[in-house]
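One structure below.
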Amino acid sequence: MQPATTPENSKNPTLEIGKINRLEVVRDTDFGLVLEAADGREVLLPNVYVMEDEMPMGALIEVFVYTDSEDRPVATTKMPYAKLGEYGYFTVVDYKSYGAFVNWGLPKDLFVPLSQQKEYFHIGKKYILRVCLDQETGRLYATQKIGKYFNRDLKGCYQNRKLEMLVLAKTPLGYKVIVDNQYEGMLFENEIFEEIRVGDTKIGYIKAARKDGKLDMSLQPIGAKAKLGVAEGKVLQLLKEAGGEMPFGYKSDAEEIQKVFGVSKKNFKRALTHLIDNQEITLDENRIKLAE
């Protein structure tokens, strides 16, 4: 992923805490390589991350920049589970009277101030959090209070647009999801045909953009033709993985179809009919086979 503010093949205008930076290798020290942004700001890439053959003097390399235990900028080639402005599912590794610390994939754990917790955090438990930046101190922190960050301007959110989702919470209607790291959405229980849990990352499709600034989402493309194509693809893929045949047919149990193929029985039957008509599969006594 490239920083949006950095043109291709050029280095960052300045250091950006919490983001991927493209920086120039300008100096070698006993502690690691010194990297420089276009404005002359420098940051250390510690020796543990240095790959000499790939990082000669003058090279432009991509690193993640955050702050160390003394609040100094430091670079790493490791990527966190979520960057600035993104959401992740983080495990609490320590708890103090003033806040919690979560593992976000880097040597220094990410701090969650007590004021940014909606509930008491438990060590070992996982929480959906957003990575934020304290503008006064330059420190990164995480917050559980994410409602104010959702984008309610749904311009460009057209039906069937394909976007990544993070499953946020279970509700009586289904699951709340964070869409494209910026929108609030909902997956409805009666339209889910696969296992889903809080913290899962899924690919979804916009079903509808609502007037309240939220999105209705679907795990399947919208429209009969689109759903049929998905179902056909899953049948063919699983048949190939199973060696060419599977014990399924028109009369197979709906729950078993949903469990194995992740589609409704209605769409499964339509897919079988279409694949048979196209001579891609055959159906023999409740067994489907790839056509020879």
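Restrict the check to segment 186-206 and report whether at least one residue is closer than 30 Å to Glu280 by Cα, surrounded by fewer than 19 Cβ atoms within 10 Å (Cβ to Cβ) and hydroxyl-bearing (Ser, Thr, Tyr). No, every residue in segment 186-206 fails to be closer than 30 Å to Glu280 by Cα, surrounded by fewer than 19 Cβ atoms within 10 Å (Cβ to Cβ) and hydroxyl-bearing (Ser, Thr, Tyr). Out of the residues in segment 110-159 that are in contact with a helix residue (DSSP H, G or I) (Cβ under 7 Å, 6 or more places away or on another chain) and either outside any strand (DSSP E or B) or assigned by TED's automatic domain parsing to the domain that holds Tyr205 (or both), state the one that is farthest from Asp212 (Cα to Cα). For segment 110-159, the residue satisfying everything is Gln144. Within segment 24-37, being surrounded by 15 or more Cβ atoms within 10 Å (Cβ to Cβ) and either part of a loop (DSSP other than H, G, I, E, B) or assigned by TED's automatic domain parsing to the domain that holds Asp134 (or both) holds for one residue alone: Ala37. Within this structure, Pro56 fails the test of being surrounded by 14 or more Cβ atoms within 10 Å (Cβ to Cβ) and at pLDDT below 95. Going through Ile257, Ile276, Ile288 one at a time, which residue ends up being aliphatic (A, V, I, L, M) and under 19 Å from Ile196 (Cβ atoms)? None of the others qualify; the one that does is Ile257.
Yes/no matrix, rows are residues, columns are (1) closer than 30 Å to Phe150 by Cβ; (2) among the small types (Gly, Ala, Ser); (3) touching an Asp or Glu at 6+ places or on another chain (Cβ under 8 Å):
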| residue | (1), (2), (3) |
| --- | --- |
| Ile178 | yes, no, yes |
| Glu184 | yes, no, no |
| Ile203 | yes, no, yes |
| Lys269 | no, no, no |
| Leu272 | no, no, no |
| Gln279 | no, no, no |
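Checking each residue in segment 166-185 for being surrounded by 14 or more Cβ atoms within 10 Å (Cβ to Cβ) and closer than 27 Å to Ala254 by Cβ picks out Val167, Gly174, Tyr175, Lys176, Val177, Gly185. Would you call Tyr81 touching a residue at least 24 places away in the same chain (Cβ under 8 Å) and either of a type outside the set (Lys, Arg) or not assigned by TED's automatic domain parsing to the domain that holds Leu33 (or both)? Here the answer is yes, as Tyr81 does meet what is asked.
Filtered by the rule that a residue be farther than 26 Å from Ile257 by Cβ, in contact (Cβ under 8 Å) with a residue 12 or more places away in the chain and either part of a loop (DSSP other than H, G, I, E, B) or not hydrophobic (A, V, I, L, M, F, W, C) (or both), segment 172-184 gives Asp180, Asn181, Gln182, Tyr183, Glu184. If the condition is being of a type outside the set (D, E, K, R), assigned to a strand (DSSP E or B) and exposed (fewer than 15 other Cβ atoms within 10 Å of the Cβ), then segment 239-292 contributes only Thr282.
Based on what the data block shows, is Ser97 in the same structural domain as Phe31 (by TED's automatic domain parsing), out of contact with any Phe, Trp or Tyr (no Cβ under 9 Å at 6 or more places or on another chain) and either hydroxyl-bearing (Ser, Thr, Tyr) or surrounded by 12 or more Cβ atoms within 10 Å (Cβ to Cβ) (or both)? For Ser97, the condition - in the same structural domain as Phe31 (by TED's automatic domain parsing), out of contact with any Phe, Trp or Tyr (no Cβ under 9 Å at 6 or more places or on another chain) and either hydroxyl-bearing (Ser, Thr, Tyr) or surrounded by 12 or more Cβ atoms within 10 Å (Cβ to Cβ) (or both) - is not met. Take Glu70 and decide whether it is touching a residue at least 24 places away in the same chain (Cβ under 8 Å) and either assigned by TED's automatic domain parsing to the domain that holds Asp109 or closer than 21 Å to Glu16 by Cβ (or both). So Glu70 does not fit the description; no.
Against the test of being part of a helix (DSSP H, G or I) and surrounded by 15 or more Cβ atoms within 10 Å (Cβ to Cβ), the options Leu163, Leu236 yield a single qualifying residue, Leu236. Number of residues in segment 87-109 that are in a loop (DSSP other than H, G, I, E, B) and within 22 Å of Phe64 (Cα to Cα) equals 6.
The values are calculated or read from the model by the stated rules, or taken from the named source; none is laboratory data. Please read all numbers here as calculations on a predicted model, not as lab measurements. Cβ: placed from backbone, ideal geometry, glycine included. Neighbour counts: every protein chain shown.
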